[in-house]
Amino acid sequence: METLTIGPVGAGAFAFALAAGQLYIPRMRKEQGLPSGRIFLVAWVLVLTAVSLAPWSPDDVFKAWAIGFPIGLVLGTFGGVLWVRSALKVHFPERYGQR
């Protein structure tokens with residue numbers, strides 16, 4: 001079986017999705033009056049982590065995650081905050097629209 005190679009960009013993309021989803025999902029569910037969906041968040045983290053680690057060789061994973069993961073977390077956190085703010089303005093303009 002061939003081993004695929006994941007680079008720092010791939011690890012960064014997984015980390016971005018992890019961070020942005022962790023911010024967006026609970027905040028939007030809270031605004032809609034729904035429970036936080038912790039089971040969904042745990043599944044989100046486990047699936048993205050498993051997909052990112054599954055077919056790669058250990059040395060490639062270490063190199064990619066040492067560089068890409070921290071960068072992806074920072075960018076994903078910033079992107080998640082912007083995503084939440086814009087979604088709140090669109091879905092709840094009476095509360096979060098122009099002030």
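Each residue of segment 81-95 is assigned a 3J(HN,Hα), and the resulting list reads 5, 5, 4, 4, 4, 5, 5, 5, 5, 6, 7, 9, x, 5, 9 Hz, derived from the Karplus form 6.51 cos²θ - 1.76 cosθ + 1.60 (θ = phi - 60°), x at Gly and Pro.
What FRET efficiency would be calculated for the residue pair Ile67, Arg29, taking the C-beta separation as r and a Förster radius of 30 Å, to the nearest 0.05?
It comes out at approximately 0.40.
Values in this text are rule-based calculations from the coordinates and carry no lab data. All values derive from a computational prediction rather than experimental measurement. So basically every Cβ, Gly included, is an ideal-geometry build from the backbone, and we count neighbours across all protein chains shown.
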